[in-house]
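Below: the structure, in structure tokens.
The values are calculated or read from the model by the stated rules, or taken from the named source; none is laboratory data. Since the structure is predicted, the reported quantities are computational estimates derived from the model, not experimental observations. Positions of Cβ are generated from backbone atoms using ideal geometry, with glycine treated the same way; all protein chains shown enter the neighbour counts.
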Amino acid sequence: MIDFGKNIEESLISLAKEKSVYLEGNIIKLVKSEDASFKKYLEDCLNRDTENRKKRLEITRQVQDQNKELQQKADENVHLMDELKIALSAAETAKTEALRDLSVMQQRTQFELIGNIVQVALFVIVGVGFIVTGMYVFAMFSESTETTLIGNTWSNLFGILLTNSFSIIGTIMGVKYASEQKEQK
């Protein structure tokens, strides 16, 4: 046990009254005194210390509870971020597939359009060729005097039709080649 002496005991009591500063901790249990006023002071110190410890313990518990909540929220955020990353990856994959499908559809549509254009052009060329050839054959069998004129027209017309058909096919192939080069870039 510790005995402070009369002067120190009076100083501690006056310090408590003037500035509200009290002894704290386990040292209070080790101090002994015969003075009734100092015993009352020690009881006050012990009660205050007990209350302060309870308050600090309650604050510590609150902080721990808040830390647990914060940790749970952080775990939830990490889980949500993982789910968002997975969803974003799936969306990007779906977008890539949709763009690829769109490209395939456009290429198929272009190919079908080119095929239709070539088919119509060939029908027109063949049709005009048959009609003009038929007129020329008819003129020859009917022994018309205009066979020379029709023959020259027939020859020019076939030249123009062939030139135009190759021009159409060349243009279509050029467009197809250019679109393929653009897609590869």
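Among the residues of region 140-164, which ones are of a type outside the set (S, T, N, Q) and surrounded by 13 or more Cβ atoms within 10 Å (Cβ to Cβ)? Please lay out each step first, then the result.
Start the filter on region 140-164 by keeping residues that are of a type outside the set (S, T, N, Q), which leaves 140-141, 143, 146, 149-151, 154, 157-162.
Within region 140-164, Ile150, Gly151, Trp154, Leu157, Phe158, Leu161 qualify.
Residues Ser37, Ser33: which one is surrounded by 10 or more Cβ atoms within 10 Å (Cβ to Cβ), at pLDDT below 90 and assigned to a loop (DSSP other than H, G, I, E, B)? Selected residue: Ser33, the only one of Ser37, Ser33 that is surrounded by 10 or more Cβ atoms within 10 Å (Cβ to Cβ), at pLDDT below 90 and assigned to a loop (DSSP other than H, G, I, E, B).
From the list Ile131, Ile125, Ile117, Ile160, the one residue that fits, being under 48 Å from the mean Cα position of the chain (by Cα) and among the hydrophobic types (A, V, I, L, M, F, W, C), is Ile117.
Across region 52-89, the qualifying residues are those that are under 26 Å from the mean Cα position of the chain (by Cα) and among the hydrophobic types (A, V, I, L, M, F, W, C), and the one among them that is nearest to Val21 (Cα to Cα) is Ala74. For region 132-149, which residues satisfy the criterion of being assigned to a helix (DSSP H, G or I) and without any contact (Cβ under 8 Å) to a residue 12 or more places away in the chain? Those that are assigned to a helix (DSSP H, G or I) and without any contact (Cβ under 8 Å) to a residue 12 or more places away in the chain: Gly134, Val137, Phe138, Ala139, Met140, Phe141, Thr147, Thr148, Leu149.
All conditions in (1) surrounded by 11 or more Cβ atoms within 10 Å (Cβ to Cβ); (2) modelled with pLDDT under 75; (3) not hydrophobic (A, V, I, L, M, F, W, C) hold for Ser167, with the sole exception of (2). Gln106 meets all of the listed conditions (1) free of Cβ contacts under 8 Å to residues at least 12 places away in the same chain; (2) more than 24 Å from Ile172 (Cα to Cα); (3) surrounded by 12 or more Cβ atoms within 10 Å (Cβ to Cβ); (4) out of contact with any helix residue (DSSP H, G or I) (no Cβ under 6 Å at 6 or more places or on another chain) but one, namely (2).
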